[in-house]
Structures are given as C-alpha cells and as structure tokens.
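The values are calculated or read from the model by the stated rules, or taken from the named source; none is laboratory data. Not measured: the values here are computed from a predicted model. Positions of Cβ are backbone-derived with ideal geometry, glycine not excepted, and every protein chain shown enters the neighbour counts. The area values use the complete protein model at the heavy-atom level, side chains included, leaving out ligands, DNA and RNA. Shrake-Rupley method; radii C 1.70, N 1.55, O 1.52, S 1.80 Å.
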There are 6 protein chains.
Amino acid sequence: MRPSKRAADALRAVTLERGVAKHAEGSCLVKFGDTHVLCTASLEDKPPSWLRGSGKGWVTAEYGMLPRSTGDRMRREAATGKQSGRTQEIQRLIGRSLRAVVDLVHLGEKQITIDCDVLQADGGTRTASVTGAWVALYDCVAWMKSRDMVGPKVIRDHVAAVSVGMYRGTPVLDLDYAEDSEAETDANFVMTGTGGIVEIQGTAEGKPFNEAELTAMLTLAKNGIVDLVELQKLAISG
Amino acid sequence: MRPSKRAADALRAVTLERGVAKHAEGSCLVKFGDTHVLCTASLEDKPPSWLRGSGKGWVTAEYGMLPRSTGDRMRREAATGKQSGRTQEIQRLIGRSLRAVVDLVHLGEKQITIDCDVLQADGGTRTASVTGAWVALYDCVAWMKSRDMVGPKVIRDHVAAVSVGMYRGTPVLDLDYAEDSEAETDANFVMTGTGGIVEIQGTAEGKPFNEAELTAMLTLAKNGIVDLVELQKLAISG
Amino acid sequence: MRPSKRAADALRAVTLERGVAKHAEGSCLVKFGDTHVLCTASLEDKPPSWLRGSGKGWVTAEYGMLPRSTGDRMRREAATGKQSGRTQEIQRLIGRSLRAVVDLVHLGEKQITIDCDVLQADGGTRTASVTGAWVALYDCVAWMKSRDMVGPKVIRDHVAAVSVGMYRGTPVLDLDYAEDSEAETDANFVMTGTGGIVEIQGTAEGKPFNEAELTAMLTLAKNGIVDLVELQKLAISG
Amino acid sequence: MRPSKRAADALRAVTLERGVAKHAEGSCLVKFGDTHVLCTASLEDKPPSWLRGSGKGWVTAEYGMLPRSTGDRMRREAATGKQSGRTQEIQRLIGRSLRAVVDLVHLGEKQITIDCDVLQADGGTRTASVTGAWVALYDCVAWMKSRDMVGPKVIRDHVAAVSVGMYRGTPVLDLDYAEDSEAETDANFVMTGTGGIVEIQGTAEGKPFNEAELTAMLTLAKNGIVDLVELQKLAISG
Amino acid sequence: MRPSKRAADALRAVTLERGVAKHAEGSCLVKFGDTHVLCTASLEDKPPSWLRGSGKGWVTAEYGMLPRSTGDRMRREAATGKQSGRTQEIQRLIGRSLRAVVDLVHLGEKQITIDCDVLQADGGTRTASVTGAWVALYDCVAWMKSRDMVGPKVIRDHVAAVSVGMYRGTPVLDLDYAEDSEAETDANFVMTGTGGIVEIQGTAEGKPFNEAELTAMLTLAKNGIVDLVELQKLAISG
Amino acid sequence: MRPSKRAADALRAVTLERGVAKHAEGSCLVKFGDTHVLCTASLEDKPPSWLRGSGKGWVTAEYGMLPRSTGDRMRREAATGKQSGRTQEIQRLIGRSLRAVVDLVHLGEKQITIDCDVLQADGGTRTASVTGAWVALYDCVAWMKSRDMVGPKVIRDHVAAVSVGMYRGTPVLDLDYAEDSEAETDANFVMTGTGGIVEIQGTAEGKPFNEAELTAMLTLAKNGIVDLVELQKLAISG
C-alpha cells in the first residue's frame, strides 16, 4: 500500500490551466496533486549569440523554487548568489526535453524561454515542469502563428514526463514526496506523444535495480505518459 | 481621467486569500488588481545570531519577482547571482514595516521570515506585499498561539501600504503600471490600523512636489489604508 | 536637550571644499560636523548603452564607506564581494536627487558618475553626500562648459538634503550618530533651491508618527535646506 | 563503421594506474583511450556538519576539466567564478555512484572526497571518472584499514560506468568525442560488480529512442562494465 | 632629466599626518607628492580563527583605491564584486611588511587590521601605504599600551618602502606616475629602520636589468628609506 | 645539511616533457623533483579587446593547483568562486615573465594563453611553471611558424625561473617544500638565457636579509638558471 493510497499505476490528480500569466506569450499552471508549478513562455526576437546567422532558433528553460514551496524553508537562490547543482540539472533537463520536439529551423532566429517556478512542492517537480512547460510552449508558438511569425511545423510532437519508483519492492507511478523519500529507486521518464523515449534518469537510492525492474518501471511510465499527453490535448483544445 | 478609469481616490479590486501554501505557517495571496503577490510566513525556532540570548525575536522579509511577472521578461536574480538594489530596498521596507507593529520581546527568541514573491506585476508590488505580508504574519502568529508558543500580545496593530501619485497634476490613489510610469510623483505610504505613519517614501520622478501636494497625497493614502485594514480584518475573521 | 547641545533647528558646522581631487572633473569634500564625504565627478564621453542614440545623457552615483569610517570597523564591500542593500539604496537616492535638477537632453550623450566616499561617519552620510555631490556635479559641468562641450542650461537648480528626526518627542534638524540611534523617527528630505521637494524618506524606528509631526519635520528641513543651498552658492562663487 | 574503427561492442584501451599522487590517501590515473582523468581520494577526519553525531560518514566527489583538456580552450571555472551546470551534474553523479557501494556506517564519522580532474578529454569523461574514482576510493579505504581506522566491510562492491550510444542506428559502446557528437542517443550506465544498475542517464540528442534500443544499449553496457570491473580487480591486485 | 625635475636620488615631498580618523585606534594620512593614502588601524580583541589558543596575534592589511583616485575612473571593486589581482598582491605585501617588524607573541591574541585607502594616486601607492601603515600601527600599539593591553616590545623596528626605477638608463628614486609608466624597470624595496631588507620586488617592464643596476637601485633605495624612517620618527615624536 | 641532502647549489632533478596534451598548440609537463606542472599553450586568433587594431598580440597565463596536489586538500577555487590572491599573483608573474622575451609586434594580433596546472606540489611551483611555460610557448610559436602565421623573430630569448632561500644562514638553490617552510628568506629569480634579470621577488619570512645575502642568492640563481636554460635547449632540440 502506497502512503498516498493510490494504485501502483495511478497518477495524482493532474490539471493544466492555461492563460494564467497576463504578460507571457504562453503560460500554464500545472498541478500534479500538491505539486504546483507556474510555467511561462517568453519570446525573444533573436536567438542566443552563438546561433546568430544560422537560421535556427532556440528553446531553453529556467527552474526555480519559491523559498517556502517546501516543508522547510529553503534559502532563496537569488540571495545565496548561485543556483544549486540540482536547479541547474533540472533546468537543463526541461530545455533538452522541449527541444526534442521542436523544429528549431522552422522556429527561425528567435528564442523561447520557459520559466518553471515551483509554487508548492510535493515530489515530482521536474516531471510536472516538463509536462506544463510543453503547454506554455505550445501557446507561445500559437501566439506566434496568429501573428504569422512562424509556419505550422514548429512543434513536432507532445512531450511529457513522469516519475516511477521502486517502493518497497513494487514499481509505482508518479511518486509524491512521502513516497519519493522512501523509494529504493527513483526514475524520471520523458517521452513524446508517439511513445519515443527522450530521456531516462534512473537512480538507485538504496539497493541497485535490475533489468526486469527497469522494464517494469518503463511500462508504468509509458502508460502514465499516455494519460498526461491526453490531458495536454484536452488542455490545448479548450 | 486615469488610464484605469478609476476615481482619483479608488483602490483597485483588492483580495486577500489565506491558506494558499500547504507548508507555510501562514500565507496570503494578495491581489491589487492585476498585481498578484504570494506571501508566506516561515517560522524558525531561533533568532538571527546577533539576537541570541537577548530574549527578543525578529521578523524579516525577502522579495522576488518571477522572471515573467513583468511585461518584458526580467533576468532571474538567482541566475545573475545577485539581488538588485531595487529588490533589496523593497525587502528592507517590508521587514521594517512589519517590525513596526510586532512586539519582538513577546515574540521571544524566534524568527519569522515573510517571503513576498510577485507572480504577476502591474504596479504597486511593494504596497501589495506589505499588505499581504501582514496577513501571512498574523496567521503565523495564530499558528504559534494555538501551540502555546507565544502569548496574546505579539502583534500590536495592523499595518498596510498604498501608493499615491501626482498624475497630470492630480493626486490619485493606488497607481497601476500604466499610471505609475507617467506619474510626476510616486509616493508609498505605510500606516498602522490606528493611523500612525510608519514609512513615507516620496519621489519626484518629473518635477518636484510641494507641501500642499504632499498633504493631499497623505489624505488619499490615509483613506486607502483605512479600507485596506478593513479588508485585512475581514480576511482574518474568515 | 540634544546630545550635541545644538538648538533643535541648528545644522552642524557644514563646509564644502572644492577642487580636492587632482584627476576628477569636479570634486567636493563635504563636512557635516564629523561626517566627511569625498565627492568626485567623472565624465564619460558616452551615456549608458540603453541611452545610445537617444540624444540624452545620464547622471549616476556610487556610494561607499571606508572600512574604518565608523565606530567599529565594517567589512570592506570589495572583499565581501557585494554591496549591501543599504549602500545600493543610498547610491540610488543620490543619483535620483541629482537627476531631478539636471536637464539630460542639454547634457547630451555623456555620463557623469558621482562617487561619494565616506572618509568619516557620524550620522547623515547620505544627506551630506547629496549636498556635496551637487557641488562636484556643478564643477564638472563648469569644466565641460569651459571646453564648449555643453550649453548653459544643464543644471536647472540646486539640490541639497538634510535629515530631521523626532528626538524625545521634539523634531530636531541634522542628526548626528548619537542622536540618530536614539531617535523615534528618522526622515531625510531632498529639496531644490526653489523649495520643491524631490524626495522624502521617513521611517518610524520606534512608534509611528502623525501628520502634525511630519509637518513639523518638513518645516525644519525646509529651513535647513535653505541654509545648505546658501552654502553651496558661496562655495561655487569662491 | 565507427569513426574509431572499433567493433560496436569494443571498449577503448583502458588503463588504471594507481599511486600517481604523492600526497593523496588513494589515487588513480584512468585512461579510456585519449580521455585521461586524474582521480585522488582525500580523507578528512570528520563528516560534513549535517552528519556530526550520526555515526555515519560521507563520500563526495568534485569534478573539473583543465582549460585545455578540450579541442578549444574552455574558460577556467575558477576564473569565471562558478562551476557550470554540467560540472555540477557530473560531480553529483560520481558521488552518488560511489555511495551506492559504500557502507557509510562502517566508514564511521569521516569524509572521503574524490577529485576527478580531466587532464585530456576525448568523450566519456564522466564514465572514466566513476571507474577511476572507485580505484582511488578503494586505495583510500585500504590506507585506512592498514591504520586500523575502519573494519573490513566499508566497500561492498565494485562500481564502474560506461557510455553507450545509438550511432547511425546501431548501438555502440564507449563513445569517443567524434562518435559522441554525432550519436542520436547518448546513454551513461553505472553498474556494480554484481550487475546491479546504479544509474541510467539516457538522452536522445536527435530522434527519440524506443524500448528495443534501450534494451540493446543496456546489454552492451553490461558487457562493457564486466570488462571494466575486471580491469579494476587487476589494478587493485597489482 | 626626470619629468618631475627631481634629482635622481630625491624623494617627493613626503608628509605623515597622524590622528586623522576619529574612530580608529591609529591613523595616518601619508602623502608622497600627489599620492595620498589614508591609513587606519583597527584593533580586534581576538586573532583570526587559525590562531585561537596559540598565544599569538596577527597584523593584516587591506588596500583599496577610490574610483576616481586615478586619471581615468576605475570601476569600484565593491560593485564589480571582486578585488583585482593587483589589489590582493599589494595588500598581501603591506601585511607581510608590517609583520616583519612586529612581535606577534608580545601582541597577544589580538588582530590589528590596517586599511590603506588611496584617495589620490600618482605612482607609488604601495610604498606610501607601507610607510604610512607603520605609523598607524605604531599609534594603535601606543593606544593599547596606554590601556595596559600590551607590554613595550610589540614593535621591534621601523619599516618603510620606496620605489626605484631605471629611467632612460639611470636609476631614479620614488617614481611618480609619469616616470613609472616610462621606466624600463620598476622595483619596490621594503626595509627596516636598521637597514635590513624585508622585501624586494623588481620587474623589468622593458629590457631585463643586470646585477650592477640592481646594486645601484638598492643603494638609492637604502638612502630613501633612511629618510623615510627619519620622517616616521619625527611624526611619532610630534 | 639540507633536508633534501642536496648540495647548496644543486637543482632537483628537472625534466621537461613536450607534446603531452593532444589538443594544445604547445605543451610541457615540467618536473622539479616532486613538483609537477602541466603547461599548455592555447592560441586564439585575436588579441584581447584593448589591443584590437594595434597590430600587437598578447601572451598571458593562468595558474591553478589541483585540490589534492598538496599535503592537505585545498578547496577547489572553482567551487569557492574565486581565485586566491596567491593564485593571481603567480599567474601575473608567469605572464610578465613570458612577455619579457616575446616580441608582441612580431606575434601580431593573436593571443597565446599558457595554462599552468599543478598536478603535484612540493615547493617551487611558480618557478617550475615559468620554466615549463616557456617550452609550451616555444612549441606554440613553432606550430604557428610551420603554418606561416608568424615570422622568425617572435621569441627573443629563453626565460626560466628558480627559487633561492636562506636556510639556517646559508643560501640554497631550488627549495623543496620542507626547506621552503623553514627558510628565513625565500626569493624567486626570473632570468633570460642571456643572463638578464626579468623579475626578483625576495621576501624575508623571518629576519630581514642584507645586501651580501642578496648577492649570494643572486649568484646561486644565475647558475641555476644557466642549467635550466640548458635543459630547455635540450628539450626543444629533441
């Protein structure tokens, strides 16, 4: 029995609310249960300097947690003067995941920055971020299309992410904080709408895992991501 | 006529929503129109080192803006590695304002940190922050009282803040961004529930102002703060 | 009775000594009693990047304290690697105050930086800085005029600053350190030679103040600033 | 055909040279072909502060690249003033990998820091680092045993790492730089001597990969790690 | 002929003015011609942490230049966030020079920090700093003696510094900025009152120098330092 | 008798191994006994910005120590976020020393950066660095010549460095760590192949030294540098 009482293959209640930031070209407040992340997309009219003249654009991401999004207050990274290794690792992951489904040539010489700011954390902030970031990105590109700034083929596919863990010997989907802190293995899967794997990050916190466990976790993740992509489709059709 | 169509002495729609952060000892999502600030209170069991052994506690504040809370995306302060002068000025103001109505001896050797994070900005983020921060602080102290950690006299009074500006020669209350960027003078008033002035910050952006204008602005501010304190009372009685 | 034995409306001995820095385009060593600030003006041939091509110039200020200008040695900000919130607040105030009396279009695409470095501190370093900075700025513009780099209307007015405080219930002018650390309210006024108010920063350190006290403090400040402007006139006519 | 002419399942020439640092408690110069990493182990007599009194020790890692270890000179991180996200990601991975095979209770209240400094880079610096770091750690623990500072059961297993990639549709083992920069997918596997998986990091650089490809990559990695562990055994028996 | 018209072996006008900083335990405004440095001594009641319990004290120095002490305004190190290599080199030199004549055991577990802040620069700021720092240190120790905090033997000797350079083939003493920027060799000598050499830093800016030139420069320096020590004696007897 | 058993005028075993870094335009692993420094030369196609358009190039150096190159592990400068004063002092010395023998006009608008990274330290890292850096620089210029990027007269002379110290009253050459930490005086000499002095840095750690001792140290250094230059000649003829 999971602490959350959920079935092993059950996601938390997931919602994707669009249009939540007055100024941004795209935005999404994503909730995976008590994990809430505000994702905004900001368009810049030129790419980073190393892409100038290449005809290609760029999509990048930044990630942050409000100091009291967590159980104990964390020090504010702006005050400590640097972003932690964890923060950098996550924002690099979000950026890579989004670029995997964007045609940077069709985007043209622009840059879209997705900011993922965790308002409240209860496990799985990086997977919620990727899932919500895609919606913010989609709306930003739609904003550009409606102004004839890009053609139709910028976004090639959905991308979403979910965590799976080995919890007391059983693979379980979408861990919340209580589950995550006890799991033997914690793995994050990023996959596209057509089932391609974009990123796997699996870490044994306690004892190592084996190939059968990896396969079982992958199966759970695939199903979870099918559901998340369905929710993204619903959200953008709204 | 103001860009916002409001009467010269009209506040924007102000709401104070409590209990919005699962982990915090107190929290308030304050909205002054399109300016939205999430205020959380975090309790620490010991005061800053320079107060150890003094029998006194401390209340402090930190302030931040999400990168796309504004019309153009701002650089993330955690990424630039330092807080701007403006950020530091505002968080020092919030902290001083709150301490003006807290009995630090009755608080005892603890520290309460109020984080004010701007989710969306449309002018007046510092005055909204002070007004919402007081509610988060109040709830934090209530949380402590319910655990017998403090006695009844920690918070001595309300404190709230509002901006007033000279806009095309007329004093107007609670400027939004469009008004603020055109105002000749921008003044922020912090006052208590009993009408005492805690802080005045008045700056002539264009031409200097005179004593009559100062008096007119103070009058507007007093009325505005009476209303804000009323809203605080309503919020905490809810 | 004030610790300084001065009458409530008496300034400290104020001196403004020009031409104290061999290399600078303008300079002034300002003394408000034992508070000594060295102000230098440095001319750059181009404005900050965000004003290039605008036809306008800029005036900015930086502020610092020598480590042992104070009773206890402070850590050197160059060694700690950042300027404190207080430092940034003060240098922003000085810059705003000066710009309030400069015609940036007549200045043209140049930048003048006023450095205010506190050699010895005894309260009121920011008000002494504003008052002395104006003299350094004046001499810098005179230097430019004598080289036909600007026309006659760059500086539109004097600007000076003074502090007023509520000390044991009485408003007193130009607080020294001993008075400042005991005052219930500390307010800084920046005003022009023609009596316009450029900036008011009033903070209740202990109990809040009321409108009558604000008015009394303003009256004292106005008289003080009339005297300071008189001293500026004397200095530049010398 | 791979650029390196190697068979798809062939490692580069791997060497593990012990005792290369006069001062360190353990050291290993690991070479995976032209990738050379100097790994040193440094023992401290106390654990990090958050483990004081817990009876447990800690193993951590730091990673760096000499500025001209790469084709183009990189800026020195000590001069830029911060470690890149990539650096932090890698050193966190090395630390986690080593801790997966260390009994921190048997280590006792000590800390071992493994520094992995890349002298020359040609792809796979993180996998070489993990593999060499284990040897340096082993020698450090041996050094402690010979001084009766620890008992026999500190290191529970080997740990080694290798990269696998999808190169022109075929899974290939241990990519060098030329291969890595063209691979569609780049995956790093960290495994123990008994075949447990400690960490998987798989990233699709170009098109997403599928489950069959993941399985094929895992098979290659398992065989590669069996060889690397064999080389570790040889090295420590020398 | 030197640009300064001085004889090859002539110092600039040197003055050492004591008691120039109200708060400091010792202070000296040293002028070597147009080079003006304010030196203050600050006493702390405990040594740096690595000397606690050793019975020994410490003397250290910090160095800074006001932004417009130089011909062109330099960026303020507090604003750039770090001290330059030159700054650190100079403050290390001043500290070493002073410690060479202090008995740290007789000082006892205290720390004296000498701040040398350049108000105006015209070459030779480091040699002026060492020479003036000794006077500030002397007065700080005298302050301690008068309070029975130390015995008589803390300061064992004078220490002073002077520059010598090869200017158009001739060795000249105490270079000003115009001479320094053209000199082929620039050497700084730190010597005690009894003629011992504490530090030599000689650098060929253009062509290398030879042993005969080194000897000639040393001779000039020795004479210059005899004069500087004489001026120190006069100053402290005043 | 020296701790190292060497004669007073004997160098440690010195080796200069070229071609040790696959990617660099020039490289040298220099060993002075147990002090090992990896020197690499990196060519950039343009000079620093302040030399653009001048027709001149630049040679600069950076220095670092691996954290466990020393007896106790030092904190990694990339992690602390700044280079120490010592690091900056040394890299400035290396750069100045090399520029003393390079014709920057003949080099043309390019920049060569020499990185000196200490793999293992046992005293004299700066003198080993200068000596090895020259070899890396020589090979970089040879690489340029073979591509017709420069003419024949870029490097005008050899440059090498050695330390000398007063150890128990006797001058001794090329101190190792054990000797250095006990020496009364530590002096570093940088000289050219034709015997010119480029830099002298002499510091009395304990009692001051006199002119006779300086002369004796210089004599030892000259002989040591003759030998080091001979070794450089051998190395580049290989």
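In this assembly of identical copies, the label point of residue E:45 (Cα plus 7 Å along Cα-to-Cβ) is separated from its counterparts by 3.0, 3.1, 5.6, 6.3, 6.5 nm, sorted shortest first.
For the range C:9-28, a drop of 40 Å² or more in accessible area on going from the chain alone to the assembled protein chains (1.4 Å probe) is found at C:22, C:23. The rotation axis that maps chain E onto chain B passes nearest to the beta carbon of this chain E residue, listed with its distance in whole angstrom: E:81, 5.
For a test of the definition: using alpha carbon positions, the gyration tensor, and the 1.5 limit on a/c, classify the range E:18-84 as rounded, prolate or oblate. Because a/c hits 1.5 or more and a/b fails to exceed b/c, the range E:18-84 counts as oblate.
Which whole number gives the average, over all residues in A:190-201, of C-beta atoms from other chains lying within 10 Å of the residue C-beta?
Numbers: counts 4, 3, 3, 0, 1, 3, 6, 10, 8, 8, 8, 6.
Shielding by partners across A:190-201 averages 5.
Counting only aspartates and glutamates at least 8 places from residue C:31 when in the same chain, those with an alpha carbon closer than 13 Å to its own are C:17, C:117, C:122, C:174, C:176. With an a/c value of 1.5 or above and a/b not larger than b/c for the gyration tensor axes a ≥ b ≥ c computed over the alpha-carbon atoms, the protein assembly as shown is described as oblate. Taking amide H as placed 1.01 Å from N in the peptide plane, residue C:20 has its amide H under 5 Å from the amide H of C:27, C:28, C:29, each at least 5 places away in sequence or on another chain. Each pair of Cα atoms in the range B:38-167 enters the Kirkwood radius, and Stokes-Einstein at 37 °C and 0.692 mPa s then converts it into a translational diffusion coefficient of 211 µm²/s. If you take all other residues with their beta carbon under 9 Å from the beta carbon of residue B:66, and give Lys and Arg +1 and Asp and Glu -1, the sum is -1. DSSP bridge analysis restricted to the protein assembly as shown gives an antiparallel fraction near 85%, rounded to the nearest 5.
Its residue count N sets the reference 2.2 N^0.38 Å, and the alpha-carbon radius of gyration of the range E:92-236 equals 1.12 times that reference.
For residue D:86, inter-copy separations between label points set 7 Å beyond Cα along the Cβ vector come to 2.5, 3.0, 3.4, 3.4, 4.4 nm, shortest first. Taking all protein chains together, D:148, C:227, B:45 sort by accessible area into D:148, B:45, C:227, largest first [probe 1.4 Å].
Mean separation of Cα pairs under 8 Å and 6 or more residues apart, divided by the residue count, gives the range A:28-142 a relative contact order of 48 percent.
Shielding by partners for C:99-111, please: the mean number of other protein chain Cβ atoms within 10 Å of each residue's Cβ.
Values: counts 1, 6, 1, 0, 0, 0, 0, 0, 0, 0, 0, 0, 0.
Counting other chains' Cβ atoms within 10 Å and averaging over C:99-111 gives 1.
Our coupling estimate for the range F:164-171, obtained by passing each phi through the Karplus curve with A = 6.51, B = -1.76, C = 1.60 and θ = phi - 60°, is 9, x, 8, 10, 6, x, 10, x Hz, Gly and Pro reported as x. Once neighbouring chains are kept in place and the probe is 1.4 Å, which whole percent of the accessible area of the protein assembly as shown is contributed by carbon and sulfur? Reported share for carbon and sulfur atoms: 50 percent. Take the accessible area of A alone and of D alone, subtract that of the pair with a 1.4 Å probe, and the total buried over both chains is about 2400 Å². Distance from the Cα centroid of the range F:50-67 to that of the range A:25-43 is 46 Å (rounded to whole angstrom).
Show that you can apply the helix-only estimate: for the protein assembly as shown, add -39,500 (n - 2.57) for every DSSP H stretch of four or more residues, divide by all residues, and state [θ] at 222 nm to the nearest 500.
Working: 36 runs with 452 residues, N = 1428.
Value at 222 nm, helices only, nearest 500: -10000 deg cm²/dmol.
Probe 1.4 Å, all protein chains in place: accessible area of residue A:129 in Å², nearest 10? It works out to around 0 Å². Among bridges DSSP assigns within the range E:1-138, what percent are antiparallel (round to 5)? Here the antiparallel bridges make up roughly 70 percent for the range E:1-138. For residue B:110, the lysines whose Cα falls under 16 Å of its own Cα, not counting residues fewer than eight places away in the same chain, are B:46, B:56, B:145, B:153.
Sequence-distant contacts, meaning Cα pairs under 8 Å at least 6 residues apart, place the relative contact order of chain C at 22 percent. Cα centroid separation, the range B:73-144 to the range A:175-225: 39 Å. When peptides D:83-95, F:157-169 are ranked by their average number of other Cβ atoms within 10 Å per residue, the highest-first order is F:157-169, D:83-95. For the options A:140, A:116, A:39, a Gaussian network treatment of chain A with springs between C-alpha atoms closer than 10 Å singles out A:140 as fluctuating the most. Solvent-accessible surface of chain B, taken per residue with a 1.4 Å probe and all protein chains present: 38 Å². Taken residue by residue and averaged, Cβ atoms of other chains lying within 10 Å of the Cβ of F:54-62 number 1.
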